[in-house]
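The values are calculated or read from the model by the stated rules, or taken from the named source; none is laboratory data. It should be emphasised that the depicted structure is a prediction, and the values quoted were computed from it without experimental measurement. Positions of Cβ are backbone-derived with ideal geometry, glycine not excepted, and every protein chain shown enters the neighbour counts. Only protein heavy atoms, including side chains, enter the accessible area calculation; ligands, DNA and RNA are left aside. Shrake-Rupley method; radii C 1.70, N 1.55, O 1.52, S 1.80 Å.
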Amino acid sequence: MNVVRQRLRTILVLLGFASGSLVFAAPAQAAPPAYAALGDSYSSGLGTRSYYPDSGSCYRSPYSYPVLDAARMGARLTFLACAGATVAGVRGQVGDIPSGATLVTVSAGGNDAGFSNVLLRCALPWPLTCWDQIDHANTVIRTVLPARLDGLYAAIRAAAPHARVLVVGYPRLFNGRECNLASRISSSEQRALNATADLLATTIAARAAAHGFGYADARGPFTGHSVCADAEWINGLSNPVAESYHPNRPGQRGYADLVGPALTRLAGSRQARV
């Protein structure tokens, strides 16, 4: 009988009984993703008309896609994007990427081409035109921007060697309609500006692919939602002027619907390390 009791006692200990109750080990909880959002005004949320008070001239918005997607994913967000940032400015954000970042998004390049200034020039009354400005922007995109993006993407990879990186592109802004009485951007200028947006998109996508990064192409999702569309995701000429030609709140939700699933796919992939 003593032998039987000893065996039972041993079995109970092995099963994890203590003081008459069963002790279960709690399942391990996965750490939330560490998400760093870099970029310019298209990532900061300029255009939504509501900004964090401490973000100053960076115009970081609670309605921006990084905030929306971080909430959807349950991620810890390091929000670094800043309105007006050129590629060099975004490189300045790289040093603040957390060491344990697992997801990174970045938008950059539009300000290097001076796209905002080109648009504002195009919006001036006739007979002023913006053809020279469009040509200059195209030249910068072709000849200067690729090397700048290469430097930025290499810096991101060095700062976040284990992160999945998604480069976020820009949409086409126009559909050929003229609806803003205060701005006169002709149909031909709109077509030329959309062609510049295409050149910018293909240039950025090519450099992202060269570094093994994902690319989120905004042109498709924004089709039918351009300036003057019935369901407008891009502000036309606005007051204050800084809000002009940037995604509004529906536009940032459109970005979130594009970027979030792309991040989820990257998180489950073996993204190339270059």
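Please verify whether G45 is open to solvent by 30 Å² or more (accessible area, probe 1.4 Å), at pLDDT 95 or above and small (G, A, S), treating the condition exactly as stated. So G45 fails the test.
Return the total of residues in the stretch 118-127 being open to solvent by 70 Å² or more (accessible area, probe 1.4 Å) and either among the hydroxyl-bearing types (S, T, Y) or out of contact with any helix residue (DSSP H, G or I) (no Cβ under 7 Å at 6 or more places or on another chain) (or both).
Going through the stretch 118-127, the residues open to solvent by 70 Å² or more (accessible area, probe 1.4 Å) turn out to be 121, 125-127.
Applying the additional criterion that residues be either among the hydroxyl-bearing types (S, T, Y) or out of contact with any helix residue (DSSP H, G or I) (no Cβ under 7 Å at 6 or more places or on another chain) (or both) yields 125-127.
Of the residues in that region, 3 qualify.
Look at G56 and say whether it is at pLDDT 95 or above and over 26 Å from A209 (Cβ atoms). When the stated conditions are applied, G56 passes them.
Looking for whichever is open to solvent by less than 60 Å² (accessible area, probe 1.4 Å), in contact with a strand residue (DSSP E or B) (Cβ under 6 Å, 6 or more places away or on another chain) and either assigned to a helix (DSSP H, G or I) or modelled with pLDDT of 90 or more (or both) here; the options are Q271, Q190, Q252. Which one fits? So that I can check it myself, show each step before the final result.
Values: Q271 fails: either assigned to a helix (DSSP H, G or I) or modelled with pLDDT of 90 or more (or both); Q252 fails: in contact with a strand residue (DSSP E or B) (Cβ under 6 Å, 6 or more places away or on another chain).
One residue alone meets the criteria, Q190.
For the stretch 212-225, a residue qualifies if it is touching a residue at least 40 places away in the same chain (Cβ under 8 Å) and either of a type in the set (A, V, I, L, M, F, W, C) or within 16 Å of A201 (Cα to Cα) (or both), and the qualifying residues are F213, G214, Y215, A216, D217, A218, R219, P221, F222, T223.
Selection within the stretch 84-99: residues that are open to solvent by 20 Å² or more (accessible area, probe 1.4 Å) and among the small types (G, A, S). The member of this set that is nearest to S50 (Cα to Cα) is G84. Which one is least open to solvent (accessible area, probe 1.4 Å), of the residues in the stretch 193-225 that are among the polar types (S, T, N, Q) and under 20 Å from I134 (Cβ atoms)? The residue in question is T196.
Checked against the criteria, P32 counts as open to solvent by 40 Å² or more (accessible area, probe 1.4 Å) and either hydroxyl-bearing (S, T, Y) or at pLDDT below 95 (or both). If you go through the stretch 210-219 one residue at a time, do you hit one that is under 18 Å from I185 (Cα atoms) and in a loop (DSSP other than H, G, I, E, B)? For the stretch 210-219, residues under 18 Å from I185 (Cα atoms) and in a loop (DSSP other than H, G, I, E, B): absent. For the stretch 142-164, filtered to residues that are modelled with pLDDT of 95 or more and within 15 Å of S99 (Cβ to Cβ), the residue that is most open to solvent (accessible area, probe 1.4 Å) is A158. Among the residues making up the stretch 99-129, those that are among the aliphatic types (A, V, I, L, M), at pLDDT 90 or above and assigned to a loop (DSSP other than H, G, I, E, B) are A101, A108, A113. When A158 is tested against (1) in a helix (DSSP H, G or I); (2) of a type in the set (A, V, I, L, M, F, W, C); (3) farther than 25 Å from Y35 by Cα, just one condition goes unmet, and that condition is (3). For the stretch 226-249, a residue qualifies if it is in a loop (DSSP other than H, G, I, E, B) and open to solvent by less than 40 Å² (accessible area, probe 1.4 Å), and the qualifying residues are S226, C228, A229, N235, G236, S238, S244, Y245, H246, N248.
Exactly one residue among T102, T139, T78 is under 25 Å from L266 (Cβ atoms) and open to solvent by 50 Å² or more (accessible area, probe 1.4 Å), and that residue is T102.
Conditions (1) among the charged types (D, E, K, R); (2) within 17 Å of the chain's Cα centre (by Cα), marked per residue:
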site: T196; (1), (2): no, no
site: A210; (1), (2): no, no
site: D217; (1), (2): yes, yes
site: F222; (1), (2): no, yes
site: S226; (1), (2): no, no
site: Y245; (1), (2): no, yes
site: A267; (1), (2): no, yes
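Return the only residue of L258, L266 being open to solvent by 10 Å² or more (accessible area, probe 1.4 Å), among the aliphatic types (A, V, I, L, M), assigned to a helix (DSSP H, G or I) and at pLDDT 95 or above.
On the way: L266 fails: at pLDDT 95 or above.
One residue alone meets the criteria, L258.
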